[in-house]
1. For the range 70-91, does any single residue satisfy the condition of being assigned to a helix (DSSP H, G or I) and among the hydrophobic types (A, V, I, L, M, F, W, C)?
2. Can you give me the number of residues within the range 298-340 that are over 21 Å from Ala123 (Cα atoms), in contact with a Ser or Thr (Cβ under 7 Å, 6 or more places away or on another chain) and more than 16 Å from the ligand (Cβ to nearest atom)?
3. Please indicate, with yes or no, whether at least one residue in the range 284-297 is more than 16 Å from the ligand (Cβ to nearest atom), open to solvent by less than 10 Å² (accessible area, probe 1.4 Å) and touching a strand residue (DSSP E or B) at 6+ places or on another chain (Cβ under 8 Å).
4. For Ala164, all conditions in the list (1) more than 25 Å from Leu285 (Cβ to Cβ); (2) open to solvent by less than 10 Å² (accessible area, probe 1.4 Å); (3) part of a strand (DSSP E or B) hold save one; what is the number of the exception?
5. Would you mind telling me which numbered condition in (1) among the small types (Gly, Ala, Ser); (2) over 13 Å from the mean Cα position of the chain (by Cα); (3) farther than 19 Å from Arg353 by Cβ Ala101 fails?
6. How many residues are more than 28 Å from the chain's Cα centre (by Cα) and among the small types (Gly, Ala, Ser) if we restrict to the range 349-364?
7. In the range 182-200, is there at least one residue being surrounded by 15 or more Cβ atoms within 10 Å (Cβ to Cβ) and of a type in the set (Asp, Glu)?
8. Restricting attention to the range 221-257, and to residues there that are in contact with a strand residue (DSSP E or B) (Cβ under 6 Å, 6 or more places away or on another chain) and among the polar types (S, T, N, Q), which single residue is farthest from Asp309 (Cα to Cα)?
Amino acid sequence: MKYAHIIGWGKYVPSRVLTNHDLERMINTSDEWIARRTGIRERHIADARETTATLAFEAAARALVVADLHPSQVELIIVATSTPEYIFPSTACRVQDYLGAIKAGAFDLSAACSGFVYALDMAAQAIATGSVRNAVVIGAETMSRVLDWEDRGTCVLFGDGAGAVVLKGSDIEGGVLASTLRSDGSGGDLLSLPAIYHNPVPTLEPEYFHNGHKHNTITMDGRQVFRFATQVIADSVNETMLKAGLRLEDVNLIIPHQANTRIIEAAAKRLKVPEERFYTNVQLLGNTSAASIPIALCDAVSDGRLHPDDNVIFVGFGGGLTWAASAVKWNVTPPTVSRPRQEWRRARYVYARGRSKIKRYGRRLGAWLGGSPTPDAKMRDIKKKP
Ligand code: UT7
C-alpha cells in the first residue's frame, strides 16, 4: 500500500470581480446585508470565453508546475464539478486534452460542494491500491452560469474559480490519512440544480419554472442548509480524526467549504476549537462550490498557514445532500521549479492544443476521404427528409 501525498497545488480565478456594491445596482440587496449574513464582499465571475474546463486547466497546469510533474506522466484526472459544459465529454477529458496528458484516465465527479473531498479520497484510494501512481484532482465551477440573477437569496452567494492538487504515491508515511464520505438523498430538495433535460418542456419554453424558480438555476432553502452544514462539519471532522488517529489538538488547520463565515463560526463553537484554526477566504471569492476547498488550500499555503508535518482537515458539505472530510499530513516539501522550466511547461500546453487540433482535423479528413458524411452533413440530410 502506498501513501498518497499532495505534492502540487494551484488555483485560478477569473479576473472580473463583482462586488456587493455592484449587486446593489442589480437587485434589491445591500453590501451591509450580504457582508453581515455571509461574510462575502466580492466574488469573481468568468468572462464569455472562460468555461469550467478552461478554469480547471489553468489550476491544474499551475499545480503540475509546483509538483514538477510532466503532463504526459499524469495517470488520472478527476474533476469535481456541478457546472460542466457537457455531460459528455466530461470536463476532465477536456482538461486532459488541454494538458496533453496522453496517458491519463479522466472523469468528472458530481457531489456538489463536497465534490473535491470525494474526488481526493477516490484518487488517494486509487494510489494506495497501486491502480495509478499519481493523480490530478480538481474542483472547478462556473456557478455564475447557473444562478437566477433575480433571486437575491442565491445570486449574491456564489462565485467562479478552480483549484487543483497533484497526488503522488510514496512509501513515506503520511499524505491522505483518512476520509469520511456521507450522503442523505432525502434532503435533495433543499439545495438543487435541475438539469436542462429534467423535463422536456423547458427547451420549448425558455421561461419554464421549477419549484417556483427559473429552470436550470440553483434553488436553495438557505436556513435548512445552514443548520445541516453546522452539524455535519463537526460530525465529519470528529469521525475523520478518529479514523486517522488524531486528536483535536493535533490538527493544525481545518479548511472547510467556503459558504458563509457564520457557518464556520458555528461549526468552530460546536467542535470547541478556536475560530482561528479554521481557514476562510469566502470574503473575496464567495462560494465557489467544489472549487472552494482547493482554492482555500492554495491561499492557506501562500498565507503561510501550513507547515511541513502539519495535520490539515478538509471538510465539505452541500447538495445531495452530501458531506465529506479528509485528514491529510502535509509532509512533502515541493521542489522549486525554475522560471525557464515553468515557461517550457507553458509552451508544451500550446503544443498539446495544436496536436489535438491536428488530430481532430485529421479524423474529419479521413472520414471525408472515406466517404462518411460529417455530423453537420448528416444533420442537413435529416432536415431535408420530408
Ligand atoms: O454551498 C452550498 C451550501 N450553502 C450554504 O451553506 C448556504 C447556507 N445558508 C446560508 O448561508 C444562509 O441561510 C443565507 C445567507 C443563504 C441566508 O441568510 P439567513 O440569515 O438564513 O436569511 P434568511 O434566508 O432567513 O432571510 C432573512 C431575510 C428575509 O427577509 P424577511 O422575510 O425576513 O423580510 C430575506 O428575504 O433576508 C432577506 N434576504 C435578503 N435581503 C437582502 C435574503 N437574501 C437577501 C439579500 N439581500 N441578498
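1. No, that holds for no residue.
2. 1
3. Yes, the range 284-297 contains a residue that is more than 16 Å from the ligand (Cβ to nearest atom), open to solvent by less than 10 Å² (accessible area, probe 1.4 Å) and touching a strand residue (DSSP E or B) at 6+ places or on another chain (Cβ under 8 Å).
4. It fails just one condition, (1).
5. Ala101 satisfies all of (1) among the small types (Gly, Ala, Ser); (2) over 13 Å from the mean Cα position of the chain (by Cα); (3) farther than 19 Å from Arg353 by Cβ except (3).
6. So the count comes out to 1.
7. No, because not a single residue in the range 182-200 is surrounded by 15 or more Cβ atoms within 10 Å (Cβ to Cβ) and of a type in the set (Asp, Glu).
8. Once the filter is applied, the top-ranked residue is Ser236.
The values are calculated or read from the model by the stated rules, or taken from the named source; none is laboratory data. Computed from a prediction, not measured in an experiment: that's the story for all the values here. Cβ coordinates were reconstructed from backbone atoms using ideal geometry, including for glycine residues, and neighbour counts include every protein chain displayed. Ligands, DNA and RNA are excluded from the accessible area calculation, which covers all protein heavy atoms including side chains. Shrake-Rupley method; radii C 1.70, N 1.55, O 1.52, S 1.80 Å.
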